Number of protein chains: 2
Amino acid sequence: MVNETQHTCSASSSSKSDGGSSSGSESSKESSRCSTPVLDADRHERLREKMRRRQDSGDKWFSLEFFPPRTANAAVNLISRFDRMGAGGPLFIDVTWHPAGDPGSDKETSSMIIANTAVNYCGLETILHMTCCNQTKDDITGHLQKAKRLGLKNIMALRGDPVGEEWEEEVDGFNYAVDLVKHIRNEFDDYFDICVAGYPKGHPDAESYEADLRHLKEKVSAGADFIITQLFFRSETFLKFMKDCQAIGITCPIIPGIFPIQGYHSLRQLVKLSKLEVPQEIKDVIEPIKDNDAAIRNYGVELAVSMCRELLDSGMVHGLHFYTLNREVATTEVLKCLGIWKEDPRRPLPWAVSAHPKRRVEDVRPIFWASRPKSYIYRTQEWDDFPNGRWGNSSSPAFGELKDYYLFYLKSKSPREELLKMWGEELTGEESVFEVFTCYITGEPNKNGHKVTCMPWNDDPLATETNLLKEQLEKVNRRGILTINSQPNINGKPSTDPIVGWGPSGGYVFQKAYLEFFTSSEIVTALLKVLKKYELRVNYHIVNVKGQNITNAPDLQPNAVTWGIFPGREIIQPTVVDPVSFLSWKDEAFALWIEQWAKLYEEESPSRMIIQYIHDNYYLVNLVDNDFPLENCLWQVVDDTFELLN
Amino acid sequence: MVNETQHTCSASSSSKSDGGSSSGSESSKESSRCSTPVLDADRHERLREKMRRRQDSGDKWFSLEFFPPRTANAAVNLISRFDRMGAGGPLFIDVTWHPAGDPGSDKETSSMIIANTAVNYCGLETILHMTCCNQTKDDITGHLQKAKRLGLKNIMALRGDPVGEEWEEEVDGFNYAVDLVKHIRNEFDDYFDICVAGYPKGHPDAESYEADLRHLKEKVSAGADFIITQLFFRSETFLKFMKDCQAIGITCPIIPGIFPIQGYHSLRQLVKLSKLEVPQEIKDVIEPIKDNDAAIRNYGVELAVSMCRELLDSGMVHGLHFYTLNREVATTEVLKCLGIWKEDPRRPLPWAVSAHPKRRVEDVRPIFWASRPKSYIYRTQEWDDFPNGRWGNSSSPAFGELKDYYLFYLKSKSPREELLKMWGEELTGEESVFEVFTCYITGEPNKNGHKVTCMPWNDDPLATETNLLKEQLEKVNRRGILTINSQPNINGKPSTDPIVGWGPSGGYVFQKAYLEFFTSSEIVTALLKVLKKYELRVNYHIVNVKGQNITNAPDLQPNAVTWGIFPGREIIQPTVVDPVSFLSWKDEAFALWIEQWAKLYEEESPSRMIIQYIHDNYYLVNLVDNDFPLENCLWQVVDDTFELLN
C-alpha cells in the first residue's frame, strides 16, 4: 500500500549487521551519515554535476570569460568586477591562459593567481584555461599540481597558438588539445573537470569542418566533460554544429560562446585573431556607426539578446558562455534582458562562501572580518579543517600573519589621492577623525565636498543591513564612538527576507545585536561603569593595541550572534563573537589605522601623529546584547555612557 | 585606568608568536580554545574541585550513602530511588563495599555494578567504597581498573572489617586504609579522587583518640582528598574533632556523616556495628516509643535537622553526608527542612546528563529515546566520541545490540501481575490496545479500575510537558494513533521556565512540535495523502518492522527539534530527529511490543496474537512541524487523516 509513495528506502538498522560492531560502525558511517550540512547543494557538486542538474531542472544559466590583466591596478579592478558580476549568479567564470604573460607564476597578473583569487576570495566556480603547445610535460604537470593545490577543480584544455606562423608537430610533445586532455586524465585521474573548445565553423587550421568535428570527438573520448564553443554570429551556426556533434556521438554538454559586440575595434581585432568572417548584415549596420561607441554597444546588446533568445528557445541550449573582454556593462545588460541575471540570488549563508573544495564545509566565521572577508580567507588559508557547525569545535585557531597590505586582492580600490580627499588632506585633531567616520555613516559629503565611500576597515559603502542602524550610528560616531561593525537584533524573520535573510526557504533567521567600535580610554572608563548595570545582558570585550583585554565573557567561549532554523535540518550558526580570534582581529584592526590611514601622510606630520595617537591610545570594543527578543539595549548603553561623561 | 576592572588578561595574539605557525597553532589550541561547551561547570570538574567551588561560593550541599541490595528486584528499586533522590541535587552518592557480596563482580547486586549504574545511567557523581584487608594487591588493582573502565572517578579507601574477631596484621598485604590510599596513588597516579573515613570519637580499634587522629593524617598525607566521618550524635563531637584535625595540620574537607534515626532496630544494629554509644538523652526519648516507627522517625528527623543546623551554623561545615540505609523518606525530609534539597534543580540540558567522564561533552541526542534514556546510554556505551555540538558531526553512529530486556536497570519497576492489570488480562482486539494507550494518557482507570501508569515505551507516568498536549493525545489514541512520544512547539520561552526550561539562566529555549506513534497501514495510507498538502512544512519518517521506510527528509539529515540560545555562548541543540538512528530505535520500539507486552500472555493465546499482529503490521511514524513560530499543525494533519478515512 505504501509502495507507490515518495522516497522509499529499505534500510536495515546498522545494529542488525552481523560481524563486529566496529565494521558495522564504519560502514554505517560511510554510507548514511553526512558529516556536512548540505545547505546548498551547489557547494558540494563538481561543475559537471551542477551543469547536469541545471539541465535536468530546466534552469537556464550563464558563465563569464575573463583574461588576466596587464597591471596590478587592473588586477585589483578585475577582482572587484568578479565580486560585482558574481552577484548575478554565473555558474562559473573562466580565466584565459596567456603563454607570454607568465601564466603559471605567482605574479598578481598571472592566469593562475587571477583564477586562484576568483575561486578562493570571490567564491566563484572557476575554470583555468591551459595551453600545451611548446611546453614540456613537466611544466604542464607543474601547473596542474599548482592549480590543484590552490583549490582549482576545472581546466579548459587548449592547444594554444603556434609560436611562428606555421604549425609544426613536435615529437613526444603536446601537439593538440587532446594530448593535454589525455595527460590530465593520466596524471590526475578524475580530479579535474575538463572543458575543451568547439568550433562551430570548424577550426581555421583544420583540414575540413568534418575533420574538426572528429578531432572534437577525440577530445571528448579522451576525457573532456563539456565543450565551450568559439564565438559565432548566427544562432543557426551553433544549432547546426550541435546537431552535427550529436550525429557523430558527442553527448556531453556543448555551451555556446556568446560575444556581445562592444566596439568597432575590439570586434575587428577578435575577428582577426579567430579568423572568423563577420556576416555582411552586421557589417552593414556597424560601418556607418563605427565611431559611435554607445550605438555599437546598443546594437551589440540587441544582437546578442536576440541570438541568445533563439538559442534558448531551441530547447537545445541550457547555458550561455559570455566573452566579456573584461567589461561589465554589455554582458550584464544582455543577461538582464534575458532574465537570467539573478538580481538577488539567495544567500546560502550570511557571508559569501569560498569555492575552495577544502572550505566547502565551512559554515561559521567570527563576525569581526564581516567587511574584510578576503582578509579572513587569506589568514585562514593554511587551516586543515574549517569549522563545520559550532566554532567551539574548530581545531584551527591560528590566524596567518598580518601581511595582507601587500596582497593585491586586499588592496583598496581607491588610489591614495582619493583616500586623502575622503579622509582629509590634513587632520586637525581627533574630532576631524570623528567627522570622517560620521560622513561614511551618513553618506553626506565631508567639508571639502567629498563623499566618504570607504574606510580602512571597509572598502565598500555601508551594508544595507547597517542602514537600519544609520541614525544611531551617526549620533555615536559624532561623539567619538568610532563604529566599524554592527548588526541589529533579529527575532525570527523569514529566511527569505530580502535584507537579513539567508539559507534555504521555509526557515527563520535570528541575530543578537552587535556593535564594534574604537574609542578613547576616557569613554571606556565610563562605559565600564555603565556596563555593570547590564552585566547579565551584555557581553563585552575591550582591548587596546598592547593586548590589555577586559571582558565579562566566561571562559573564552564563543557567542553565536547569527543563527538560522530550517526545515528538516540542524541549526546553522554562521557568525560568532569569538574571544580568541578577536585578539587576532585586534592586531589587524589596529594595524589598519597605520597601514591604510597614517601612512597617507608624511612621517612626523601632525595628521600622521593624530592617527598614531589614536592607534596607541584608543580601545577596540565589542558589545553583544544577548537578549535578542527585546529591543536592542546597546544604544542605551552608549547613551548612558555619554550621560555619565557629561 | 582600566586596571581596576573585572577580568583582565594580557593575551597577545597567537599570530604574534615567532617560530613556525604550526607550534603557534598548537599552543593556542591547547591554551585558549575550549573544545566543549561549558553548559554546566559541574560536568567538567572532579569531585574535589566541585567541593572546593561549593565551599568558596558558600553554597551548602549534601551527599547520600547507599549499600548494594541483596536481590535483583531490590536493585531495580534502588535505581529508581537513585533517580528520585538524584532530583534533589546531591553533590555525590556513595555505594558501600560488601566483601561477602562479591562486590567487584558483574552481578546486578554487586557494589561495582550499582555504582556503575549510578554514574552512567542515573548521571550521579559516585564514590565507590573499597576495602583492602584480606585481599591481594592484584585483586585490588583489578577492581580499580574495572572501576576506571566503567567511568568511576572516586574511591572511598577503607580497611574493612577483619574476618575473625581479632585483627591480625598481614605481612606484605594491605593492613590499613593508608596502604590502599598509597596503592591507588602508586598505580593510578591522580586519576581517582580518594576519600577516607574519619572517626569523631576515634576508631574503636585505635589505641587512643590521638593515635587515631595521627592515622587519619597519614591517610591524608598518602593522598586522600577529603574525609567523611563516622556517624555521631552531637554536633560538638564533630566540631571538636574537626578542630583537632586542623590542629594537627589536616586541611582537606571533612564532611560530617549524618545518621537520621529511622527506627529502633536499625539504630541498635548500627550502634552495635560501629561500637558507638548512644547518648542517654536520646535513649530516654526513644525507649518509650520504640514500637512506634512513625514517632521514632519524626524524632530522628527533628534530631538530625537540629544537629545539621548547628553544624552549618558553625561556619565550619559546607556539606552533609547522609547514611540513608537505602531509605528515602527521613533523609529527604531532613534535607527539605534544611532547605538544601533542590526541589526543581535547573536542568543543564532537557535530558539527564550521564556522569561518565567520557560522556561529559555529550550535548545532543536523538529524541526517540526521550523516555528510555538508560537504553540509549546502554546502546551507545561503546562510542568513543559523543556528539558535542551538532549531531551531524558525530562519528559514532552504530547502536549497540538490543538485549536490554535482560539488564536490571532497564527492567520495568512493575511486576508482571501489575502490568497485566494495567494492560489487560485478556485483549479482545486492537481496540482494547487503543484503550490501554488512552488510559495511560488520561490517567483515568481502565475498565477494571486500574490506572495505567506505565507503557512498554515509558516506565514512568506522562511527563509534565506532555500534559500540555493531553486533550489532543487522548482523542487520537482512542482512534488508533498510538502515541509514544511527543513535544509541543515552543517559540522562545525563558530558559528558566519551570516546565520546558533548561540551560543557564538568561537564555531562551525553542522546540519544534513532534509526534511519534504506531498506527495501522490503513491510517498510514490516508496520512500520506494528507501529508502531501504539508510537504514543505512537515517532515515525516514512516517505517514498519521490516524496515520499509517512507520519508520526505532530504539526504538523511538530522532535524534539530529542541535548541537554546544563551548569553555569551554558542547555540545548543540537544535533541534531534535523526533519520539514521531512527532505524535503530525502530528495532527497539517494535521489539518492546513483543518483549514487554506480548510475552505477558501464553503463546498462541488470542491476546498475544493481537499484539503480534500489531507488531507485524503497524507502522512507526514520526512527524515534525518545522514552522515552530506558528500554531502546531500536527493535530490538523491527524484530523485531516481521520476525515479522509470517514
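Where the centre of each part is set by its Cα atoms, how far does segment B:529-562 sit from segment A:568-641, in angstrom?
Cα centres, segment B:529-562 to segment A:568-641: 45 Å.
In chain B, what percentage of the DSSP-assigned beta bridges are antiparallel, given to the nearest 5? If you can, show how the numbers build up before the last one.
On the way: 36 of 68 bridges.
Counting only bridges with both partners in chain B, antiparallel ones make up about 55 percent.
List the distances, in nm and shortest first, from the label point of B:VAL285 to the matching label points in every other copy, placing each point 7 Å from Cα along the Cα-to-Cβ direction.
Shortest to longest, the spacings are 10.9 nm.
Return the Rg/Rh ratio of segment B:90-143 with Cα-based radii and a Kirkwood Rh. All intermediate terms of the calculation are to be shown ahead of the outcome.
Numbers: Rg = 11.4 Å, Rh = 11.5 Å.
The Rg/Rh ratio comes out at 0.99.
Which parts of segment A:147-161 would a label at A:ASN186 reach, counting a residue when its backbone N lies under 17 Å from a point 7 Å out along Cα-to-Cβ?
Within reach of a label on A:ASN186, which here means backbone N under 17 Å from a point 7 Å along Cα→Cβ, segment A:147-161 contributes A:157-159.
Rg over Rh of chain A, using C-alpha atoms and the Kirkwood radius, what does it come to? Kindly include the intermediate steps, with their values, before the conclusion.
Details: Rg = 27.9 Å, Rh = 27.6 Å.
Ratio of gyration radius to Kirkwood radius for chain A: 1.01.
Which shape class, rounded, prolate or oblate, goes with segment A:417-546 when its Cα gyration tensor gives a ≥ b ≥ c as root eigenvalues, a/c under 1.5 marks rounded, and past that a/b bigger than b/c marks prolate?
On the way: a/c = 2.61, a/b = 1.26, b/c = 2.07.
The shape class here is oblate.
Let's see if you can work this out: charge +1 on each Lys and Arg Cβ, -1 on each Asp and Glu Cβ, no other charges. What is the dipole magnitude of segment A:274-350 about its Cα centre, in debye to the nearest 20? Before the final figure, lay out the partial values.
On the way: 10 positive and 13 negative charges, 88 e Å.
So the dipole magnitude of segment A:274-350 works out to roughly 420 debye.
Of the options A:PHE188, A:VAL577, B:HIS356, report the single residue whose Cα projects farthest towards the positive end of the charge dipole of the protein assembly as shown (beta-carbon charges: Lys, Arg +1; Asp, Glu -1).
It is A:VAL577.
Tell me the net charge near B:ASN544. Cut-off is 14 Å between Cβ atoms, B:ASN544 excluded, with +1 for each Lys or Arg and -1 for each Asp or Glu.
Working: positive: B:LYS546, B:LYS586; negative: B:GLU522, B:ASP587, B:ASP616.
Result for the local shell: -1.
So between B:LEU630 and B:ARG327, what do we pick up on full extension, going 0.36 nm a residue minus the alpha carbon distance?
Extending this stretch completely gives an extra 104.4 nm.
Collect residues whose amide H, placed 1.01 Å from N in the peptide plane, falls under 5 Å from the amide H of A:ARG347; neighbours closer than 5 in sequence don't count.
Counting only residues 5 or more places away or on other chains, the set is A:GLY503.
Cα convex hull of segment A:412-645: mean projected area in nm², to one decimal? Can you show the working numbers first?
Details: hull surface 53.2 nm².
For segment A:412-645, averaging the hull's shadow over all directions gives 13.3 nm².
Would you please classify the overall shape of the protein assembly as shown from the alpha carbon gyration tensor, given that a ≥ b ≥ c denote the square roots of the eigenvalues, rounded means a/c under 1.5, and beyond that prolate means a/b larger than b/c while oblate covers the rest? Numbers along the way, then the final one.
On the way: a/c = 2.35, a/b = 1.67, b/c = 1.40.
Because a/c hits 1.5 or more and a/b exceeds b/c, the protein assembly as shown counts as prolate.
Could you give each residue of segment B:60-65 its phi-based ³J(HN,Hα) in whole Hz, using Karplus coefficients 6.51, -1.76, 1.60 with θ = phi - 60°, and x for Gly or Pro?
For segment B:60-65, the Karplus-derived couplings read 6, 9, 9, 9, 10, 9 Hz, x marking Gly and Pro.
If the cut-off is 21 Å between C-alpha atoms, which lysines fall inside it for A:LYS275, apart from same-chain ones fewer than 8 positions away?
Partners found: A:LYS201, A:LYS240, A:LYS283, A:LYS290.
Once you list every other residue whose beta carbon is under 13 Å from the beta carbon of B:ILE289, what net charge do they have if Lys and Arg are +1 and Asp and Glu are -1? All intermediate terms of the calculation are to be shown ahead of the outcome.
Details: positive: B:LYS283, B:LYS290, B:ARG297; negative: B:ASP284, B:GLU287, B:ASP291, B:ASP293, B:GLU302.
Here the charged neighbours net out to -2.
Evaluate the relative contact order of chain B (contact order divided by residue number), counting alpha-carbon pairs under 8 angstrom at least 6 apart; express in whole percent.
Numbers: 1068 pairs, mean separation 72.4, N = 646.
Computed over chain B, the figure is 11 percent.
Once a ≥ b ≥ c are taken as the square roots of the eigenvalues of the Cα gyration tensor of segment B:496-618, is the result rounded (a/c under 1.5), prolate (a/b larger than b/c) or oblate (a/b not larger than b/c)? Present the calculation step by step, with values, prior to reporting the outcome.
Values: a/c = 2.75, a/b = 1.73, b/c = 1.59.
Here segment B:496-618 falls in the prolate category.
Using modelled amide H (1.01 Å from N, peptide plane; none on Pro or chain starts), what sits under 5 Å from the amide H of A:THR562, excluding residues fewer than 5 places away?
A:LYS512, A:THR575
Pull up the DSSP beta bridges for the protein assembly as shown and report the antiparallel fraction as a percent, rounded to 5. All intermediate terms of the calculation are to be shown ahead of the outcome.
Working: 80 of 144 bridges.
Approximately 55 percent, going by the DSSP bridge assignments.
If you average the sequence gap of Cα pairs under 8 Å that are 6 or more apart and divide by the length of segment A:412-645, what percent do you get for the contact order?
Working: 401 pairs, mean separation 52.0, N = 234.
Across segment A:412-645, relative contact order equals 22 percent.
May I ask you to report, in nm to one decimal and beginning with the shortest, the distances from A:SER521 to the same position in the other copies, taking label points 7 Å along Cα-to-Cβ?
8.1
Would you please name the trypsin sites (Lys or Arg not before Pro) within segment B:65-99 that are DSSP coil residues with at most 14 other C-beta atoms within 10 Å of their C-beta? Display every interim value, and only then the final one.
Details: sites: B:ARG70, B:ARG81, B:ARG84; in loops: B:ARG70.
Sites meeting the loop and neighbour criteria: B:ARG70.
Tell me: how much accessible area in total is hidden between B and A, 1.4 Å probe, Å², nearest 100?
Details: alone 30690 and 30690 Å², together 54170 Å².
Counting both chains, the buried surface is close to 7200 Å².
Spin-label point model (7 Å from Cα, Cβ direction): what's the B:ASP291 to B:ARG478 distance in nm?
So the two model labels end up 5.4 nm from each other.
Ignoring ligands, DNA and RNA, what percent of the accessible area of the protein assembly as shown is carbon or sulfur (1.4 Å)?
Working: 25960 of 54170 Å².
That share works out to 48 percent.
How many Å² of accessible area per residue for the protein assembly as shown, probe 1.4 Å? Before the final figure, lay out each step's value.
Working: 54170 Å² over 1292 residues.
In whole numbers, the protein assembly as shown has 42 Å² accessible per residue.
For labels at A:ALA72 and B:GLU49 in the simple 7 Å Cα→Cβ model, what's the distance in nm?
5.1 nm
Reachable aspartates and glutamates from A:LYS447, Cα under 14 Å, same-chain residues fewer than 8 places away excluded?
Straight-distance partners of A:LYS447: A:GLU425, A:GLU426, A:GLU431, A:GLU435.
List, in the order given, every pair from B:LYS358/B:LYS512; A:LYS60/A:LYS146; A:LYS475/A:LYS512 whose Cα-Cα distance in the structure shown is over 24 Å.
The answer is B:LYS358/B:LYS512; A:LYS60/A:LYS146.
For segment B:274-367, treating each Cα as an identical point scatterer without solvent, what Debye log10 I(q)/I(0) comes out at q = 0.20 1/Å?
With one equal scatterer per Cα and no solvent, log10 I(q)/I(0) is -1.12.
For segment B:515-526, in order, what is each residue's ³J(HN,Hα) by Karplus, 6.51 cos²θ - 1.76 cosθ + 1.60 with θ = phi - 60°, in whole Hz (x at glycine and Pro)?
9, 10, 7, 8, 7, 6, 5, 4, 5, 4, 4, 5
When the Cα atoms of segment B:100-251 are enclosed in a convex hull and the volume is divided per residue, what value in Å³ results? Walk me through the numbers on the way to the answer.
Numbers: hull volume 20.0 nm³, N = 152.
Hull volume normalised by residue count: 131 Å³.
What does the charge count near B:ILE228 come to, summing +1 for each Lys or Arg and -1 for each Asp or Glu among other residues with Cβ under 10 Å from its Cβ?
Working: positive: none; negative: B:GLU65, B:ASP94.
Around B:ILE228, the charge tally is -2.
The values are calculated or read from the model by the stated rules, or taken from the named source; none is laboratory data. Worth saying up front: this structure is predicted, and the values here are computed from it rather than measured. So basically every Cβ, Gly included, is an ideal-geometry build from the backbone, and we count neighbours across all protein chains shown. Note: accessible area is taken over every heavy atom of the protein model, side chains too, but ligands, DNA and RNA are not part of it. Shrake-Rupley method; radii C 1.70, N 1.55, O 1.52, S 1.80 Å.
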